[in-house]
1. Ranked highest first by the average count of other Cβ atoms within 10 Å around their residues, in what order do 336-349, 311-324 fall?
2. Which value, in Å to one decimal place, does the Kirkwood hydrodynamic radius take for region 3-90 when every pair of different Cα atoms is included?
3. For Ile27, what residues show an amide H to amide H distance below 5 Å, using hydrogens built from the backbone and excluding near sequence neighbours?
4. Show that you can apply the helix-only estimate: for the chain, add -39,500 (n - 2.57) for every DSSP H stretch of four or more residues, divide by all residues, and state [θ] at 222 nm to the nearest 500.
5. Can you compute 3J(HN,Hα) from phi for each residue in region 480-492, using the Karplus curve 6.51 cos²θ - 1.76 cosθ + 1.60 with θ = phi - 60°, rounded to whole Hz and x for Gly and Pro?
6. Based on the Kirkwood radius over alpha-carbon pairs, what value in µm²/s does the Stokes-Einstein equation return for the translational diffusion coefficient of region 300-406 at 4 °C and 1.567 mPa s?
7. On the principal axes of its Cα set, how long, how wide and how thick is region 473-525? Give whole Å, largest value first.
8. I need the fraction of alpha carbon pairs in the chain separated by more than 46 Å, rounded to a whole percent.
Amino acid sequence: MNLQTKLENLPTGPGVYLMKNDAGEIIYVGKAINLRNRVRSYFRELKPDQAKTKALVKHIADLEYILADNELEALVLECNLIKKYRPKYNINLKDDKTYPFLKITKEDYPQVLVTRKVLKDGARYFGPYPSVNELRNSLEMIRKIFPFRSCKQKVFTNDRPCLNAHIQMCYAPCVGRISKEEYNEMIEQVALFFEGKQDGLVKRLRQEMEQAAENLEFEQAARLRDQLQGVEQIMTQQKAVLGGEDDQDVIAMARGLNQCCVQIFFVRGGKIVGRENYFLRGTDDSSRGEVLASFMKQFYLTCQFIPRNILLETELEEQAVLEQWLSEKRESRVYLKVPKRGQAKELVDLVGKNASEALAKQELEETVREQRTVSVLEQLQQLLGLENPPARMECYDISNTQGTESVASMVVFVDGKPKKDQYRRFKIKTVEGANDYASLKEVLTRRFRRGLAEQSEGENGKFDVFPDVIMMDGGRGQVNIALEVLQELGLKIPVCGMVKDNRHRTRGLYYNNVELLMEENSEPFLLITRMQDEAHRFAITYHRSLRGKRNLASVLDDIPGVGEKRKKNLLKHFGSFTKIREASMEELLEVEGINRTVAEEIYSYLRTHQDLQARLNRK
């Protein structure tokens, strides 16, 4: 069914629509109360200032839609699809996946960890936090007050406590020095602190201290006193901004050239306990309300704590459905408010001012980086005698272990910066043994033949764009191989060798049969070093993953009752060897062809096989 037919037959109910380009990639995800009206609106005459929407429509080759029962269901689905696909034309948070969370595990004696992954594992998560260093510092301070365990044991097997217990940094639950109930009570106090409920924690500690003193438990009372003083000392560093003890998030934004900075202040118990700014790209065609709504969908999708009140600088078109969604996530009513006067309005204005400062700083840093990049590329142009600065550079490297699992990497730098979505990796197909020259010849031939074929067919493929300079990890030999391939294919592209010294450190460039001298602290030298390191990293990562899969596959082959068919069923069901290793008995029994006897063999073997951990470590 072609696009026009799909447009004519769109339903009128609520749902989510997915726009695709001619390569089948999802380039935009949106939601609608009426799918027919919303989707067709893209193909009507657009206003002159809707440049981004015009670009989107130009690239739409196909669309899909998913019906929903109501607008709220469509909103949740839209949030999840945007997070999954990161479409090019949606407003996206920049680097939102990098922010850390605090995790309290679900165990008899819970661990308190810093993590970047939020899983549905029954644990409690707090965050995200703007800085992992600040989070670790806070955690270290809290651990001095509440000495929870830092070990990762699932089952305690110690005969004696570890060093942390001797230096008063752990209550040693591993040897029974603290009961399960007492330990979990301490963890609840840690949770209260990271929820921002320090006032409630202080009140609770004071009551427990006084009760312990009345019961003549002076050692316990002294411990609680020290904890109370530690929490109060941290609280003095926080600024009270509101008269009450409300939990609030305060959100405002500042606009720049095709990007926005959204600033959020975290107010807990009437005090600012943290703040962070987030940058969103592709916002020129969107109103302030649309930008804030897009930010909130992405931010609160994974946020574990949602306050009762969220203060905003402007009204949102989707305010009612967002309130409903956030209320369901919180499991109690959430209010989105736009204050017009008073202290709350002053706080929103302060957040907006901070957003403007952060955006100005970001734009200045970007300008400086761009000027530096232009400078380094011009220096490379002069060094190599090129007609123009090398905008696109491709770097190649080979990795193998004694000739096995040979792979190659192609990393791409555009305007002096890594373009990771254009990285490619190759498994060597025609070369046996450790022959780097032959392997490079195969890889370069495959890459440029494919590129020429895509150009002749008029495709926008993976290889149809050619580099301004090719960088080879090596010297004269590697450069000559590349030049030989290019000559056979009728291509003329400058080729450089990234030469290393005896200590395997970058030494300089080999070009036109001459090794070019470069100052070690010069920007061109640092760029070359970075490209060489990146090519090596990407190649060896791929090689290790193949080697690790082979090693783990051999472990499965050794398990009694697991033949080729059952091994394939296990891989198909779980998707990876790691998940097979972590699977429970019940999960193994769900695999086609796996009975209880075989499941018990797999479960026992993967947990007791002595060589498994050594093989995993060698990855």
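Readers should treat all values here as calculations from the given coordinates under stated rules, not as data from a laboratory. Bear in mind the structure is a predicted one, so any value in this text is a computation, not a measurement. Positions of Cβ are backbone-derived with ideal geometry, glycine not excepted, and every protein chain shown enters the neighbour counts.
1. 311-324, 336-349
2. The Cα-based Kirkwood calculation yields 13.1 Å.
3. Hits under the 5 Å cutoff: Met19, Lys20, Asn21.
4. Computed mean residue ellipticity for the chain: -15000 deg cm²/dmol.
5. 5, 4, 4, 5, 5, 5, 4, 5, 4, 9, x, 10, 10
6. Translational D for this selection: 66 µm²/s.
7. Its Cα atoms span 37, 22, 15 Å along the three principal axes.
8. Tail of P(r) above 46 Å: 35 percent of Cα pairs.
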